[in-house]
Amino acid sequence: EVSDASPSGNIGGGPRDASANLGGVPGERLKMQYATGPLLKFQICYRRVFVEYVRVISQRYPDIRIEGENCLPQPIYRHIASLLSVFKLVLIGLIIVGKDSFAFFGMQVPSIWQWGQENKVYACMMVFSFSNMIENQCMST
């Protein structure tokens, strides 16, 4: 038997609890709850673990509905990953084009930029791989 407790201490999902949650429609919440069963929500990071939880809980409590959603990374890390992705594409484009933008700013050309111009394919692969590694680390939860 599933009982529902409201914050006011009303146990059993009585009319006072139902009207408080549905804007004055007594009994509507109770009908929906017993028609569809209780709902259990998860934020998942690993799909296999979630599938295993669903299997175990469904075997033991077949009337419980289970929903899962991906656990998102913090917004600052998502923004860092987005900026890094744009920076990666711009840097790869500059390596391929071969423009010397350092002279425009009156700076001396770094040795790593000279190496990247001599080894364009390898430099682009290294920029792509290294930035993807950092992006994946930012997006992992």
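The values are calculated or read from the model by the stated rules, or taken from the named source; none is laboratory data. A quick note: this is a predicted structure, and the numbers were derived from the prediction, not measured. So basically every Cβ, Gly included, is an ideal-geometry build from the backbone, and we count neighbours across all protein chains shown. The accessibility values were calculated without ligands, DNA or RNA, using every heavy atom of the protein model including side chains. Shrake-Rupley method; radii C 1.70, N 1.55, O 1.52, S 1.80 Å.
Shown in residue order for region 66-71 are the 3J(HN,Hα) couplings computed by the Karplus curve 6.51 cos²θ - 1.76 cosθ + 1.60 at θ = phi - 60°: 10, 10, x, 9, 5, 7 Hz (x for Gly and Pro).
For region 73-140, with all protein chains in place and a probe radius of 1.4 Å, 70% of the accessible heavy-atom surface sits on carbon or sulfur.
Spin-label model, residue 74 to residue 48: label points 7 Å out along the Cα-to-beta-carbon direction sit 2.8 nm apart. Think of each Lys and Arg Cβ as +1 and each Asp and Glu Cβ as -1; about the Cα centre, that makes the dipole of region 47-113 roughly 160 debye. Restricting region 69-132 to chymotrypsin sites (Phe, Trp or Tyr not before Pro) that sit in a DSSP loop and have at most 15 other Cβ atoms within 10 Å of their own Cβ leaves 105.
Under 25 °C and 0.890 mPa s, how fast does region 73-140 diffuse according to Stokes-Einstein, given a Kirkwood radius computed over C-alpha pairs? Answer in µm²/s, whole number. Estimated diffusion coefficient is 188 µm²/s. Close amide-amide hydrogen proximity is noted between residue 44 and 69, 70, 71, each under 5 Å apart and 5 or more residues distant or on a separate chain (H modeled in the peptide plane; Pro and chain starts excluded).
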